[in-house]
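The values are calculated or read from the model by the stated rules, or taken from the named source; none is laboratory data. Here the structure is a predicted model, which is why all the values come from computation and not from measurement. Quick reminder, even Gly has a Cβ in these numbers, built from the backbone with ideal geometry, and neighbours come from all protein chains shown. What goes into the accessible areas is simple: the full protein's heavy atoms, side chains included, and nothing from ligands, DNA or RNA. Shrake-Rupley method; radii C 1.70, N 1.55, O 1.52, S 1.80 Å.
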Amino acid sequence: MRLKRSSDTVHVLNLMVLCFIALFSSSVLGQGKIRRFNWEVKYEFRSPDCVQKLVITINGKFPGPTIKAQQGDTIVVELKNSLMTENVAVHWHGIRQIGTPWFDGVEGVTQCPILPGEVFTYQFVVDRPGTYMYHSHYGMQRESGLIGMIVVSPPATEPEPFTNDYDRNVLLTDWYHKSMLESATGLASIPFKWVGEPESLLIQGRGRFNCSNDLTTPRVCNASNTDCSRFFLTVIPGKTYRLRLGSLTSLSALSFQIEGHNLTVVETDGHYVEPFTVKNLFIYSGETYSVLLKADQNPRRNYWITSSIVSRPANTSQGTAVLNYYPSHPRRRPPTPESSNLRPEWNDTGSRLAQSLAIKARRGFVDTPPENSDRVIALLNTQNEVSGFRRWSVNNVSYHHPKTPYLIALKQNLTDAFDWRFTPPDNYDSRRYDVFATPQNANATTSDGIYRLRFNSTVDVILQNANTMNAKNSETHPWHLHGHDFWVLGYGEGKFNESEDPKRFNRVDPIMKNTVAVQPFGWTALRFRADNPGVWSFHCHIESHFFMGMGIVFESGIDRVSSTLPSSIMGCGQAKR
C-alpha cells in the first residue's frame, strides 16, 4: 500500500527537521539570527525586455527578492511551488551547506524536486560573508527567471578591508523569448536544434528589445511597457558605492562597464581580492564580484551602464541601464550614444585571461593552499554524439542525473539506483589528444557514475578545453563547484603540460572561488579540500551545456552525513519507498 503524503504531514516533518538543524546550527555557529522568508513561486506574464512571455516570479518579483543576512545567521525559506505543471528545486549558489547537504537544492543529486502545489522548507546557515546568488536547479528552468541574490555581511566587530558609503546589487542575465521547454526539446532532438543567441541582455531584470525587429514568433512587444523601463542606479556626487555584481546568464560571458568610470575589484565569490582597477569587468555565469565605484564625474549628466557579450560572435544588442547622478532626473537620457560605451572585442581572449590572472587573494586574508595534492583529476571538455544525439562530455563520458538522488541512494544503500560500479576516468590520453582538432572519436558514452573522494583529501582538477565538433571552434566554460570553494592555481593557453605547468602554479596568494572559467583552447587548474561531507555537483554553469551532459559529481565523507535524512527531500525514484 502506498501512503499519500498530505500537506499537514509534510509540514510536521519539515518542522521536525528544522528543529534538528536549528540545534545543529546554534551549537556550531553560536548566536546567529533566524531569518524567515515565505515564497510563492509561479508563472506570470511579464515583459522584461518589452516582449511579453511567461516569467517565473517569487512573490510577484523578477528578479526575486534579495536575501540579506549576517555571517552565522540561519536562513529559512518556506517555498510554495505554484507553477501548476512544473517541478522546482532551488540552489543557494556559493553557500557551502556545511551540515545541511540535503538543502543544496540540486534535483537528482541532493533532493527530489518540489512537486506542483507542495510546500518545501529550506534551512541553512550562511557561514561566511560575501556576495552570493540563488537560482532554480531543475532542468533548464533558470532561463525562465527564478533567480536572485544573497548578501551576507560580516559581524560588526570584523570590518571589511575597504570602505564605501553605500551598497547596491546588480544582477546580469541574458534573455530568450522562447520557453526553456522549447530550448530543451531542441537540444534533446534528432536533428539537433541549438538554442541560438539570446534576444536580449538584462540588467537587474530589465532590457530593451527593439520592437521594430522581426520577431521569430508572433508576440506582444511594447516599448512603453514599464516592465522594460531601464534600470537606473542613482548616486550622490563624491560618494563611493560597492556594487555587488552577479551573473546568472544562461549562455553568455559578459563584459560590464560604466561610461567614464573606473571599477575597483575588491571581492569575488565571498573572498577579498587584492584591489585592482579596470575599465570593464569580464564576468561569467555563476560568478559574483564586488567593485567600488567612485561617483567622481560630471554630476550634471547621466552615464550609460552596459553589458555586452564576449567569447561568442553574438548579434545580441548590449544591455543598457543608466547611472543617475543626483539630483538629475533618473529618466534623463545620457548625452552620448549607447554605443559610445566601451565594448571589448568578442574574441579578445588575451584581455579576459589577463583579468583572471590579476585576481589574487587580498593581503591579510590569504588562505594558503596545501603544498601538494593527493589526487589529480584532468577533465577534458569535448562535444560528442551519443546514439545520434549531440552531447557534451568530460573524458568521453556524458553525465545524466539518476531518478533517485545520489544523497538518498548512498545513505540508504540503494545499490541499483545508479551505476555504483562505474568510476569516471581521472584523465584522458593527454599525450596523443589534439585539443585543436575536431574530435576523431565523435561518439561518447553516458553514465551516472560518480567520483568517490577520500574525506579531507586534497584534490587538483585540471579543466582542459578543446575543439568542438565544429572546425576551429572552442567555447568558454564557467565551472561551478557545489559545497566547496577552491583555490585557483593557474590558467594557460593550449594543452596543459603535466610536467612544466604545475611549476608555475600560484601557491602563495591564489584567490578562492566557487566558479571559474576555462577559456577557448585553454586550461584552468584548481585545488580543493574534500572536507564537506555529502554529494556535490561540479558542472559547467551554461544551462544548455549542463543539460547536454557537461558535469560530474563528487562524493566524500558520506558516512559522516546523518543517516536520518529529511523526509521532505524524498518522493522520487526509489525514494518513493
For the pair S430 and E182, how long in nm is the line joining their label points, each one 7 Å along Cα→Cβ? 4.4
Tell me the GluC sites (Glu not before Pro) within segment 468-577 that lie in a loop according to DSSP and have at most 15 other beta-carbon atoms within 10 Å. E498, E500
Gap separating the Cα centres of segment 27-93 and segment 465-533, nearest whole Å: 31
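How long are the semi-axes of the equivalent ellipsoid of the chain, taking √(5λ) for every eigenvalue λ of the Cα gyration tensor, in whole Å from largest down? If you can, show how the numbers build up before the last one.
Working: eigenvalues 225, 164, 138 Å².
Over the Cα atoms of the chain, the semi-axes work out to 34, 29, 26 Å.
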Whole-Å distance linking the alpha carbon centroid of segment 299-330 with that of segment 359-386 is 34
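Taking the Cβ of P334 as the centre, find all other residues whose Cβ is under 13 Å away and add up their charges (Lys, Arg: +1; Asp, Glu: -1). Mind dumping the intermediate values first?
Values: positive: R230, R300, R301, R331, R332, R333; negative: E259, E338.
Local charge sum for P334: +4.
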From the P(r) of segment 92-222, can you give the percent of Cα pairs sitting at distances over 27 Å? 41
Within straight-line cross-link reach of K294, aspartates and glutamates at Cα separation under 20 Å, skipping those fewer than 8 residues along the same chain: E160, D165, D167, E259, E267, E274
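For segment 347-412, which whole percent of the accessible surface, found with a 1.4 angstrom probe, sits on carbon and sulfur atoms? Before the final figure, lay out the partial values.
Working: 1300 of 2780 Å².
Of the solvent-accessible surface of segment 347-412, carbon and sulfur hold 47 percent.
What trypsin sites (Lys or Arg not before Pro) in segment 304-389 are in a loop by DSSP, with at most 15 other Cβ atoms within 10 Å of the Cβ? Show your work: numbers first, answer last.
Working: sites: R331, R332, R352, K360, R362, R363, R375; in loops: R331, R332, R362, R363.
Passing both the DSSP loop test and the Cβ count: R331, R332, R363.
Lys and Arg at +1, Asp and Glu at -1: add these up for the other residues within a Cβ distance under 13 Å of G207 and post the number.
Details: positive: R46, K53, R206, R208, R230; negative: D49, D174, E199, D227, E338.
In short, 0.
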Computed about the Cα centre, the charge dipole of the chain from +1 Lys/Arg and -1 Asp/Glu charges at the Cβ has a magnitude in debye, to the nearest 20, of 980
In whole angstrom, note down how far apart the Cα centers of segment 212-278 and segment 105-160 are. 21
Gain in span if fully extended, M84 to Q412, counting 0.36 nm per residue against the direct Cα distance: 115.0 nm
How much accessible area does K80 have with a 1.4 Å probe, in Å² rounded to the nearest 10? 90
Leaving out ligands and nucleic acids, and using a 1.4 Å probe, what accessible area per residue does the chain come to in Å²? 41
Just going by the charge dipole of segment 277-355, with Lys and Arg at +1 and Asp and Glu at -1 on Cβ, which of I283, P330, Q297 is farthest out on the positive end? P330
Using 7 Å Cα-to-Cβ label points, what is the F162/N456 separation (nm, one decimal)? 3.6
Expressed as a rounded percentage, what relative contact order does segment 312-448 have, with Cα pairs under 8 Å and six or more residues apart? 23
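Just the number, please: carbon plus sulfur as a percent of the accessible area of segment 504-559, 1.4 Å probe, no ligands or DNA/RNA counted. Let's see the in-between values first.
Working: 580 of 1110 Å².
That fraction is 52 percent.
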Estimated FRET transfer efficiency (N262, K193; beta-carbon r; R0 41 Å; 0.05): 0.45
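Pairs to check: K42/K193; K279/K495; K178/K411. Give those whose C-alpha atoms are more than 32 Å from each other in this structure.
Working: K42/K193 28 Å; K279/K495 30 Å; K178/K411 40 Å.
Correct reply: K178/K411.
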If we count every other residue with Cβ under 12 angstrom of V461's Cβ, Lys/Arg +1 and Asp/Glu -1, where does the sum land? 0
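I'd like the carbon and sulfur percentage of the solvent accessible area for segment 112-194, probe radius 1.4 Å, heavy atoms only, ligands and nucleic acids excluded. Please report the intermediate quantities before stating the final value.
Numbers: 1620 of 2820 Å².
Carbon and sulfur together cover 57 percent of it.
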CD proxy at 222 nm, helix term only [per DSSP H run n ≥ 4: -39500 (n - 2.57); per residue of the chain; nearest 500]: -2500 deg cm²/dmol
Dividing the convex hull volume of the Cα atoms of segment 451-563 by its residue count, what figure in Å³ per residue is obtained? 114
With every protein chain present, what accessible area does V119 have (1.4 Å probe, heavy atoms only), rounded to the nearest 10 Å²? 60
Please find the FRET efficiency linking K42 to K503, where r is the Cβ-Cβ separation and R0 is fixed at 41 Å, and quote it to the nearest 0.05. 0.15
For the residue pair K472 and T277, what label-to-label distance in nm results when each label sits 7 Å from Cα along the Cα-to-beta-carbon direction? 4.0
